[in-house]
1. Given the convex hull over the Cα atoms of the chain, what projected area results after averaging over all orientations, in nm²?
2. At 222 nm, what helix-only mean residue ellipticity would the chain give, in deg cm²/dmol to the nearest 500, using -39500 (n - 2.57) for each DSSP H run of four or more?
3. Work from the charge dipole of the stretch 2-80 (Cβ charges, +1 for Lys and Arg, -1 for Asp and Glu, about the Cα centre) and give the residue of Gln55, Leu65, Ile28 farthest towards its positive end.
4. If we count every other residue with Cβ under 15 angstrom of Phe48's Cβ, Lys/Arg +1 and Asp/Glu -1, where does the sum land?
5. Would you mind checking which residues have amide H under 5 Å from Tyr3's amide H? H placed 1.01 Å from N; only 5 or more apart, or other chain.
6. Between 0 and 90 degrees, rounded to the nearest ten: what's the tilt of helix 61-80 against the longest Cα principal axis of the chain?
7. Using DSSP to call loops (not H, G, I, E or B), can you name the trypsin sites (Lys or Arg not before Pro) in the chain whose Cβ has at most 10 other Cβ atoms within 10 angstrom?
8. Starting from the stretch 15-78, pick out the chymotrypsin sites (Phe, Trp or Tyr not before Pro) whose DSSP state is loop and whose Cβ has at most 10 other Cβ atoms within 10 Å.
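Here, each number is a calculation from the coordinates, and none is a lab measurement. Because the structure is predicted, anything quoted here is derived from the model rather than measured. Cβ placement follows ideal geometry from the backbone for every residue including glycine, while neighbour counts extend to all protein chains displayed.
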Amino acid sequence: MKYRIKIEEQNNGKKWYTPQVGTPKLKIGKFDFVSTEWSNIIEDTKSFWISSFAQISYYTEQKALDVIEEYKQYLIDEKGEEVKSTTYKTVE
């Protein structure tokens, strides 16, 4: 996965920072190629979700970077909680 921060500057000089995650997508057509589909990282109390439509922006670039790092850790933790294998023991 790739990560980036979308920076929007308003006419009044204020900047808003939106953390984003990119996933590779294969585009099939006349010419096949791989592109990146970007989604916004939404921080919601103790979990995260990604969206192409919803957006949460922050006053500082550092906060957006913090959200990306927290999201990466969330993915690592989530991966660690996945079931690796299942075995069965017969009880008689």
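1. 10.7 nm²
2. -7500 deg cm²/dmol
3. The Cα lying farthest towards the positive end belongs to Ile28.
4. -4
5. Excluding prolines and chain starts, which carry no amide H, the hits are Gly22.
6. 10 degrees
7. In loop regions of the chain (DSSP not H, G, I, E or B), the sparsely surrounded trypsin sites (Lys or Arg not before Pro) are Lys14, Lys30, Lys46, Lys84, Lys89.
8. Phe31, Phe53
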